[in-house]
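What follows is a single structure, written as structure tokens, with notes after it.
Computed from the coordinates by the stated procedures, all read-outs in this text should not be read as laboratory data. The model shown is predicted, which means the values in this text are computed figures rather than measured ones. Ideal geometry is used to build each Cβ from the backbone, glycine not excepted, and the neighbour counts take in all protein chains shown.
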Amino acid sequence: MSTFGRPTKAEPGPLQVRGEVLAVRRSGDYHVLVFAAPGVAELTAPGNFVAIAVGGQPTAMLLRRCFSIHHVDTAGALGGTVEIVVDAHGPGTKWLVDRAQGDALDVIAPLGRPFSLPKDPVPCVLVGGGYGSAPLFMLADRLRERGCRVDLILGAATESRLFGVVDGRRRASSLTITTDDGSLGVRGRVTDVLDGILDQHGGQVIYGCGPMGMLAGLAKVAEQRGIVSQCAVEEAMACGVGVCMTCVLPVVGKDGVTRMTRSCTEGPVFFGDQVRWDAAGTVPADCLGAPVVEGGATSR
Amino acid sequence: MSNVVDMRAQLASAALPSPVLTASGCAAAGRELDRFFDVTAIGAVVTKSIMTAPRSGRATPRMAETPAGMLNSIGLQGPGVEEFIRKDLRWLRERGARTVVSIAGGSVSEFAELANRLRHEEGIAAIEVNISCPNVESRGQVFACDARAAGSVIHAVRRHTSALTPIFAKLSPDVTDIADIARACVTAGADGLSMINTTLGMVIDTDTMRPALAGITGGLSGPAIRPMAVRCVWQVRQALPDVPILGMGGIATGLDALQFLLAGANAVSVGTAVFNDPSAPWRIHNELAAALADRGFRSVADAVGYAHREEVPS
């Protein structure tokens, strides 16, 4: 079992800045949005996310869209650049990928608790589902700087839903790909190959980002093997800054008590054994302040 | 700008340096927003409704975006009044922010208990009574939708609150005649009125073909409800010309805030706009100051209810 440095402290930041679009490029079914955001790159750690206002002003789309930060570059001529991966499936994300070079963006970043890094140079396995893999490449770099071996698993429904295959080959000691339909790599799920990779390279930590079901699977494997998992969850957020209470999930605290916990401020990265994966989307009966089931206790 | 507008606002006995406050449920207890603007500069932080005991709130999904608004069904998640006092209220006091504490209860006695518990706490500028809660003793009938039930809650809170601390009843727009409920609350001892709370709405997810929220229905907020809110403020100001009003509902700009003042609000709360722009309360304060100056107002007070003036024939 390895020990971890304390997560990067929440302060200073986040910043609310006027960003400027530098490029939008396709990657499989996704778009990579590159923008300048003064001061953000320096503060960003792997696992942090960004909240971007969409639709221009005035807009009928009130809520910011949140994306984990894929890549940052502090050396940009415009005061540092940030890259995110966008799956343009709704009007807000479509608006974002339709931006042209030079367009302004209202950006808040970096937000959330990033991945914690092991103190010792232990082997790590990084697992990304779909474009959930976005923050893992920056994480791989940080881990390798610490002397950690990094093995990467990328999984998706089909080849075009994978993100970062080329990047992954460059940055990890090994890359394993799974697709549900077998269009690339091993046919199946990331959890089908995870045990083999852990056995082969002696992985001591699993880092994951992707759909809840996948993260639950990673956490279970980690628990069975007595190793650590850290999972970045993808909960729907309204504000991203900790005030709206919509992005909650049941998380067990150090005191052993389950609370409905904000994934924007206490997360998005949680240790796998903290999250009540089986109860995600519900309020478990033993959660602090859970409603007493006898009618009543329903209020807006 | 040639003239400097006096931005002080008065909510009953509470004197505030700005007419712009946060809105309950949209600012937690101020701490998160203090990273984006100085929470001591605005009128007050209105805290998320607190109940006696810790409360988990509802399952997710709790939120759905709607045109120019959003639907939420949080279910009053909160730490309970003891932890609120120990952590949140303490932080606000030490930070030097003025605080309006919002309280919520499932029964008249729970409201009374909360008022009593807060009675001797320092640093509370006012209490906002969230009566848009179901009354567990009356088959879930919402207090705010019944003049008598609303009056009972306000009466109990008034009785357990220092006379020096104003109490504001937060009204729901989901009633036939909001002035009726307003009158009942004032008669029962409310020093002022906050309006409006969210209005009940619903979204169906066309992929799952089920309600989008785990709570099925939710409270609609944001610019979509602003005309409804302005109408409520206007009607209550006409019915009760001397009662202080804290207006809210979809305020996203200084001009939106100005509409509320002109309709009769003495101050405004900025709620859902914070989700779009966490620095919105301070931005709106500045935009409002400029808008007042542009129109030749020397103070916030001069603009309050100005839209009700008699048309002077020219």
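Okay, here's what the table says:
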| quantity | calculated |
| --- | --- |
| Of the DSSP H helices in chain B, those whose Cα atoms cover at least 30 Å axially and whose Kyte score averages -1.0 or more | none |
| Reach of A:LYS119 by Cα under 19 Å, taken over lysines that are not fewer than 8 positions away in the same chain | A:LYS9 |
| Chain B, Rg to Rh (Cα coordinates; Rh as Kirkwood inverse mean 1/r) | 0.95 |
| Principal axes of the protein assembly as shown: Cα extent on each, largest first, Å | 82, 57, 46 |
| Gain in span if fully extended, A:VAL292 to A:THR74, counting 0.36 nm per residue against the direct Cα distance | 73.3 nm |
| Rounded to whole Å, sorted largest first: equivalent-ellipsoid semi-axes of segment B:149-283, Cα gyration tensor | 27, 19, 14 |
| Sorted by Cβ density within 10 Å, fewest first, the residues A:SER174, B:SER221, A:SER116, B:SER56 | A:SER174, A:SER116, B:SER56, B:SER221 |
| Rg(Cα)/(2.2 N^0.38 Å) for segment A:106-175, N = residue count | 1.17 |
| Those aspartates and glutamates that a straight Cα-Cα span of less than 20 Å connects to B:LYS87, excepting residues fewer than 8 apart in one chain | A:GLU11, A:ASP255, A:GLU266, B:GLU32, B:ASP34, B:ASP38, B:GLU113, B:GLU121, B:GLU122, B:GLU128 |
| Chain B, dipole about Cα centre (Lys/Arg Cβ +1, Asp/Glu Cβ -1), debye to the nearest 20 | 460 debye |
| Residue exposure sequence - A:MET61, A:MET212, B:MET63 - by fewest surrounding Cβ within 10 Å | A:MET212, A:MET61, B:MET63 |
| Kirkwood Rh, angstrom, segment A:124-279 [1 / mean 1/r, Cα pairs] | 15.8 Å |
| Antiparallel bridge percentage (DSSP; both residues within the protein assembly as shown; nearest 5) | 55 percent |
| Using alpha carbons only: equivalent-ellipsoid semi-axes of chain A, gyration tensor based, whole Å | 28, 26, 19 |
| Length-normalised contact order for chain A - Cα pairs under 8 Å, 6+ apart - percent | 16 percent |
| Mean-position separation - Cα centroids, segment B:138-206 and segment A:149-202, in angstrom | 57 Å |
| For segment A:15-111, convex hull of alpha carbons as volume per residue, Å³ | 88 Å³ |
| Förster-model FRET efficiency, 51 Å R0, B:SER138 and A:SER160, C-beta, rounded to 0.05 | 0.35 |
| Cα radius of gyration and Dmax for segment B:1-124 (Å) | 16.1, 53 |
| Sites A:ARG144 and A:GLU42 - FRET efficiency at Förster radius 30 Å, r taken between beta-carbons, to 0.05 | 0.90 |
| Unpaired by the 4.7 Å Cβ criterion, cysteines found in chain A | A:CYS66, A:CYS124, A:CYS148, A:CYS209, A:CYS231, A:CYS247, A:CYS264, A:CYS287 |
| Cβ charges +1 (Lys, Arg) and -1 (Asp, Glu), total dipole of the protein assembly as shown, debye | 600 debye |
| Segment A:124-279 - charge dipole about Cα centre, Lys and Arg +1 at Cβ, Asp and Glu -1, debye rounded to 20 | 320 debye |
| Separation of alpha-carbon centers, segment B:254-314 and segment A:230-282, rounded to whole Å | 38 Å |
| Residues B:ILE216, B:ILE103, B:ILE167 arranged by fewest to most Cβ contacts within 10 Å | B:ILE216, B:ILE167, B:ILE103 |
| Spin-label model distance (nm) - B:ARG159 vs B:MET202, 7 Å beyond Cα toward Cβ | 3.8 nm |
| Average partner coverage of A:257-268, which counts Cβ from other chains inside 10 Å | 2 |
| Dipole axis of the protein assembly as shown (+1 Lys, Arg; -1 Asp, Glu on Cβ), positive-most option in B:ILE284, A:GLY128, A:PRO118 | A:PRO118 |
| Within 10 Å of each Cβ in B:123-133, the average number of Cβ atoms from other chains | 1 |
| Residue among A:GLY80, B:ILE167, A:GLY47 farthest towards the positive dipole end of the protein assembly as shown, charges placed on Cβ | B:ILE167 |
| Neighbouring partner chain Cβ atoms per residue of B:49-57, average, 10 Å criterion | 5 |
